[in-house]
Structure formats: C-alpha cells, structure tokens
Amino acid sequence: MEFQSNLKSKLPKTGTSIFAVMTALANEHGAVNLAQGFPDFSCSTKLIELVNHYMKKGFNQYAPMPGLMSLREKIAIKTEEMYSAKYNPETEITITPGGTHALFTAISAFVEENDEVIVLEPNYDSYVPAIQLNGGRPIFFELKYPDFKVDWNEFKKLINHKTKMIIINSPHNPSGTTLNAQDMLKLQKMVQNTEIIILSDEVYEHIIFDQMEHQSVARFPKLAERSIIVSSFGKTYHTTGWKMGYVIAPTNLTAEFRKVHQFIAFSANTPIQYALSDIIDDKELYLNLNNFYQEKRDYFQKLIKGSRFKILDCQGTYFQLLNYSKITQEKDVDFAARLTKENKIASIPISAFYHKQIDNNVLRFCFAKSNETLEKAAELICKI
Ligand code: PMP
Ligand code: GLN
C-alpha cells in the first residue's frame, strides 16, 4: 500500500549508511563487529554515577538552548589550555546532540542553493547528504591511496567564487591520517581574502599517536576566525550512544549556527551535560586517551602481523586500514560481506566513503575494543 507511488526522493542516490548495514549484518551472522566505530568496553563508572545522580536530583527538563553554561565555560578553559585559543562560552560555544547533528546544523546554516562545498574523499558519510539536502554541490578532492595526503597545489584548483565551505577532518576517518601544521598553514594561506568557511571535524582530537600533536584550526588565528569546530563527547568518553558533542566558532558563525540548532534539536540532554561538566575536570581522562588507544593500535597490529593483510599506517582515530589484495581481487563491499557471513568478522569497505566507490582493496577495522575482542578478531583475521 503506497500513498504516493511517484514519491520524489530528496536523496535519490543515498542508501542506508554503511555503518548501519554492516552492524546489522554482523549481528545477523554473529560476527565479531569491528565495522561501525564504537567501543565495546564501558565508560568511566564515575560518569555513569554522575548522570544517575543528576537524573535523580531532577535535572530532567530542557537544558538552555546553547547548552549548560558551566559546561561551556569548562570547554572554553580546556580549549585555551589545549590550543591556546580564547573562545567566549556565552557566544562562541554550543552543546549539541552529537557530532553528526553539529555537522548537519553547520552545513544547513551556511550552505545555499548551488554553493560549492569542497569535501576530501574518502569522507565520513554524513557530509555529502547534508550538503545535497541544502541544495549545495559537493566538490570532491580525492586523497590518493595509500598515504591519503593532501596535495595543496591540486586542491587550490577547486577553489572559486562559488566555494562556500571546505570540510576538513583530522585525525581522519577512515584513513587514520592527520593534517600537520604545514597543512594547516597552507590551508590558511589559501583561504585568506576569501569568504570561505571551514568546517573542521575534530571528533578524534584526543586520539592521535606517536607523540604527534593535534593541529586544531583553533591554533591558527586566521583559520579560526572563519572556522566551525565540531567535537564529540562520544569519542572522548567512550559513550557514542549518548550522542553528545559541541561546536566552537566565532560569534557571527555561532549566531547563525544557533538559529538552526534551536529548530533541529533546541538543546541537548540535560543530566548528561551536568555530568560532563563535572567529569571534564578530570583531565587525565582525555589527556591519556592517546596512550590508551595507541596501546590498542599496537596490540591489534601485533596480533595480525602474521596475517595475509597489509597493515597501513595509522596516525590517529580508532580505525586500522588493511589491504587485502594478496588474498583476493573481490570488490571490497563483497569481500566485507563475505568475511562477515563466512569468517564471522565484520569490517567496513572503504569504497563506501567515496562518491564513485573507489576500491583499493582496503577494509577498515575498529580497534576500540577490549583486548579479548581484539584477540578473537585477530584469530579470525589470521585464518583468512
Ligand atoms: N565525524 C566523524 C569523522 C566521525 O567518525 C563521527 C563518528 N561517527 C562523527 C563525526 C559523529 O560523531 P557523533 O557520534 O558524536 O555524532
Ligand atoms: N563514526 C563511526 C564510524 O565511522 C560510526 C558513525 C555512525 O554509526 N553513524 O564507524
């Protein structure tokens, strides 16, 4: 039974997100799920107690539209300590129901019909539909396998008077690469004297390895003045299911961001904001995350060293790319599905992160897992 048989889709080429697809397949076949990115271990018990505490105390109604002031103030302090950048919590910091919401809101607030938005591929799957829903045109810049480095001379050729926004993401999902200070300076120079807005997806800011420092746009004043930074509490506190994040941007950008945010969500979860505002004082929790995940990366790499997969460089995020061209020439989508069904190990095919489904025979495995899960996964991987 259909109400309109010729219903017009606003996203005719968009299917279900690969993360939803692969997790459903993993569950259906009882596979170890290293596909969708989420930890399989618990968050801090103190954090759970705090949320519980604030719920019981009755903090269960709407939070202020831009977020709880005490949390915003602490984010301002943290941002200054980490990136030497001053932001006003009153007018420049907004708490959101997750990073994905923040990205969508930022794109909706600024992208108009026929505006061009430069996206670096492979890219997180929410950017392009958000651009398209707002009538914008995604302009793709391909990060070349296997280093996924930006050739800024090539990149520059994409910029013109229609360019409204550039979306960057470091540490980068899915490649695990990072933008360094040189990259940021080149970008800064390229956009000076333009009106281009930078949307900087920094949800993995605390997951960067080998003593590298995260190069937030906040560190570069001439970039920061035109940038919207997206952060996610889900990644930092092992609570992806809570869908909590925040956005930092100069006052004029924040004002427009909030105009949209107030009508998409209005505000974010109240008791969790109170709890985060307490837990954020424990700096070790986020300062130690680099080491915590570096150990996981190293352990996972050690466990699968003897496999037939080629391990690619991983500088940040909790994703490890593995090339399988020595095993088969199957399409990555087919191989990932077969591994899930037959070998009981689920991953994400990288072609899903490209608009043209570029396939370099690479799968992404999430190592935000207990050692026990990693051992089980590695055993399966080594048998392939
Ligand atoms: N950006 C990137 C690159 C991500 O990997 C994620 C995590 N799924 C998000 C944004 C969204 O974060 P959240 O889960 O807070 O919506
Ligand atoms: N960021 C996570 C990933 O890349 C999951 C995001 C999602 O499920 N939408 O796997």
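The values are calculated or read from the model by the stated rules, or taken from the named source; none is laboratory data. Since the structure is predicted, the reported quantities are computational estimates derived from the model, not experimental observations. Using ideal geometry, Cβ is built from the backbone for each residue, glycine included, and neighbour counts are taken over all protein chains shown. Each accessible area value is taken on the protein alone, full model and side chains, heavy atoms only, with ligands, DNA and RNA left out. Shrake-Rupley method; radii C 1.70, N 1.55, O 1.52, S 1.80 Å.
Details
- Kirkwood's formula applied to the C-alpha pairs of region 156-234 gives a hydrodynamic radius of 13.1 angstrom.
- Centre separation in Å (Cα based) which lies between region 153-213 and region 101-145: 14
- From phi via Karplus (6.51, -1.76, 1.60), per-residue ³J(HN,Hα) for region 215-225 in Hz, x at Gly/Pro: 9, 5, 4, 4, 6, 10, x, 6, 8, 4, 5
- Calculated [θ] (222 nm, deg cm²/dmol) that DSSP helices of n ≥ 4 give over the chain, each run adding -39,500 (n - 2.57): -11000 deg cm²/dmol
- Entries in K46/K235; K296/K369; K156/K186; K157/K189; K341/K383; K144/K344 that, when Cα-Cα distance is taken, lie over 19 Å: K144/K344
- Cα-Cα separations in region 1-108 greater than 22 Å, expressed as whole percent: 62
- In region 1-43, the alpha-carbon atoms span a convex hull of 157 Å³ per residue.
- What the Cβ-Cβ distance of I139 and E379 gives, at R0 = 45 Å and to the nearest 0.05, is a FRET efficiency of 0.55.
- Remark: relative contact order (the chain) = 25 percent; criterion is Cα-Cα distance under 8 angstrom and separation of 6 or more residues.
- Region 217-253 and region 256-293 have Cα centres separated by 10 Å.
- Normalised alpha carbon radius of gyration of region 94-246 [divisor 2.2 N^0.38 Å]: 0.98
- Computed over protein heavy atoms with a 1.4 Å probe, the accessible surface of the chain works out to 46 Å² per residue.
- Report note on the peptides 120-127, 171-178: ranked by the mean count of other C-beta atoms within 10 Å, highest first, their order is 171-178, 120-127.
- All Cα-Cα distances of region 313-384, cut into 10 Å bins from zero to the largest, leave 19, 53, 26, 2 percent in each bin in turn.
- Computed from backbone phi with θ = phi - 60° and the Karplus coefficients 6.51, -1.76 and 1.60, the 3J(HN,Hα) list for region 65-76 is 3, x, x, 5, 4, 5, 5, 4, 5, 6, 5, 4 Hz; x is used for glycine and proline.
- Hz values of 3J(HN,Hα) by residue in region 236-242 - Karplus curve (6.51, -1.76, 1.60), Gly and Pro given as x: 6, 10, 6, 9, 4, x, 7
- For region 54-145, applying the loop criterion from DSSP together with a ceiling of 15 other beta carbons within 10 Å to the trypsin sites (Lys or Arg not before Pro) yields K57, K86, K144.
- Cα-based radius of gyration for the chain, normalised by 2.2 N^0.38 Å, reads 0.98.
- With the convex hull drawn over the C-alpha atoms of region 213-327, the volume per residue is 168 Å³.
- FRET E, pair N180, K344, Förster distance 51 Å, beta-carbon r, rounded to 0.05: 0.85
- Rounded to 5, percent antiparallel among DSSP beta bridges of the chain: 45
- For N361, residues with placed amide H under 5 Å, excluding near neighbours: D332
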